[in-house]
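The values are calculated or read from the model by the stated rules, or taken from the named source; none is laboratory data. These figures come from a predicted structure and were not determined experimentally. When we count neighbours, we look across all protein chains shown, and the Cβ atoms used for this are built from the backbone with ideal geometry, even at glycine.
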Amino acid sequence: MQARILPALLGVCALLLATGCGAGSPSGESGTSFVAGDGSIVLLDPAERLAAPILTGQTLAGEALSSEEFAGDVVVVNVWASWCAPCRSEAPTLERLSQEFADQGVAFIGLNTRDSETSARSFVERFGIGYPNVIDRDGVLQLGFRDSLPPRAIPSTLVIDRSGRVAARVLGAASESSLRGVIEAVAGEPAG
């Protein structure tokens, strides 16, 4: 009997680990889940980088946004959702860094995913986030990164270099020191 239970138990554990953390949305939708990242960082050599997709959409403030507005800047793109606990923990860090690097040619854009507009607005207000956040409810904008460094967890943070190429990715909540280090490294590269 125990010989049958142990393999079944191990199978269930493996399935839970493979699917990541599950979380229901605040609106009660079932089936909303996400993969929690482990904080791993990938920083690509400039020769290995691919062009970032152009991100366009409506911000939570109701304005049109295109990442083309930030041509020549380093762009930090954070994928988040209001129901995601790691997103809540990293939100103050992202806002601090967006202010710290604002006059150094570094722009921040949030991509709100799998969320209601009301919940997303409340999140932005609660954490005092001043950088633009685009609604990407179905993850269409995220799919644009599929050939480079796709955001495979919520939260994920991507860093686009001054030449418009995907330079780095952090899976999971980014620590202030590690994200600052990545931004400084990418921002310190010669353009071109």
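One table, with the values for the structure above:
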item	result
Inter-residue pairs, beta-carbon under 8 Å, first at negative phi and surrounded by 14 or more Cβ atoms within 10 Å (Cβ to Cβ) and in the stretch 168-180, second modelled with pLDDT under 95 and charged (D, E, K, R), 6+ apart	L171/D38; L171/R152
Selection within the stretch 162-180 - in contact with a Leu (Cβ under 9 Å, 6 or more places away or on another chain) and either part of a helix (DSSP H, G or I) or acidic (D, E) (or both)	E176, L179, R180
Filtered residue count, the stretch 71-92, keeping only those that are buried (at least 20 other Cβ atoms within 10 Å of the Cβ), over 13 Å from the mean Cα position of the chain (by Cα) and closer than 19 Å to E184 by Cα	1
Filter result (of a type in the set (A, V, I, L, M, F, W, C) and closer than 16 Å to S67 by Cβ) within the stretch 141-167	L141, L143, F145, L149, L158, V159, I160, V166, A167
Considering residues of the stretch 35-70 that are within 21 Å of T118 (Cβ to Cβ) and in contact with a helix residue (DSSP H, G or I) (Cβ under 9 Å, 6 or more places away or on another chain) only, the residue surrounded by the fewest Cβ atoms within 10 Å (Cβ to Cβ)	A61
Number of the exception - S119 against (1) out of contact with any Pro (no Cβ under 6 Å at 6 or more places or on another chain); (2) small (G, A, S); (3) surrounded by fewer than 17 Cβ atoms within 10 Å (Cβ to Cβ)	(1)
Residue count, the stretch 93-116 (criterion: more than 17 Å from the chain's Cα centre (by Cα) and surrounded by fewer than 18 Cβ atoms within 10 Å (Cβ to Cβ))	6
Residue selected from the stretch 70-94 under the condition in contact (Cβ under 8 Å) with a residue 40 or more places away in the chain and among the aromatic types (F, W, Y), by the criterion nearest to A167 (Cα to Cα)	W80
G110 among the small types (G, A, S), over 23 Å from A185 (Cα atoms) and out of contact with any Asp or Glu (no Cβ under 8 Å at 6 or more places or on another chain)	no
